[in-house]
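*Asks:* Here's a structure for you.
The values are calculated or read from the model by the stated rules, or taken from the named source; none is laboratory data. Please read all numbers here as calculations on a predicted model, not as lab measurements. Keep in mind that these areas ignore ligands, DNA and RNA; they rest on the heavy atoms of the full protein, side chains included. Shrake-Rupley method; radii C 1.70, N 1.55, O 1.52, S 1.80 Å.
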Amino acid sequence: MSGKPFTPTAVDEHIGQRVQLRRVMMGLSQKDLAKICGVTFQQIQKYESAGNRISASRLFELSTALETPINFFFQGLPGYMPEPNRSGRIHTRVSEQKPNDPLAKNESLQLINLYWKLPNDDQRQMIMKMLKTLTGTD
């Protein structure tokens, strides 16, 4: 070990947000997810806040616990863009996710999750019509 303090990257933050998003979509608390994974809820907090980096094996475990493919955690992650630095060496940079992106918010995914829990198409159509009316996009 180098002894350097851990500094989360944009990728670490994005993956942590996606873990939180999926956990909330499934209606699990941090304590629930921690129990399934055999870790403390504080560890789940650290993963979600990017206080701790998630290893590949732990990410696999989380994908199983959260019943989602691993690529879910990478969706929405901007691509890597090669950039030469001052010395001419190529490094990668990840652009930041836009803060006003509605799909980056837990509330949006909760809404989607609740929408698909409605028992039939008629109810979903009623909700869609109501939302269109309220937003003036009818």
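*Asks:* Give the long-range amide H neighbours of Leu28: residues separated by 5 or more places, or on another chain, with amide H under 5 Å away, using H modelled in the peptide plane at 1.01 Å from N.
*Replies:* Those qualifying (amide H under 5 Å, at least 5 residues apart or on another chain) number zero.
*Asks:* In addition: Which whole-number value in Å² is the accessible area per residue of segment 30-69, probe 1.4 Å?
*Replies:* On the way: 2320 Å² over 40 residues.
Here the residues of segment 30-69 average 58 Å² of exposed surface.
*Asks:* Calculate one ³J(HN,Hα) per residue across segment 51-66 by plugging θ = phi - 60° into the Karplus curve 6.51 cos²θ - 1.76 cosθ + 1.60, and present them in order as whole Hz with x for glycine and proline.
*Replies:* So the J values, rounded to whole Hz, are x, 10, 6, 8, 6, 4, 5, 5, 5, 4, 4, 5, 5, 5, 5, 8.
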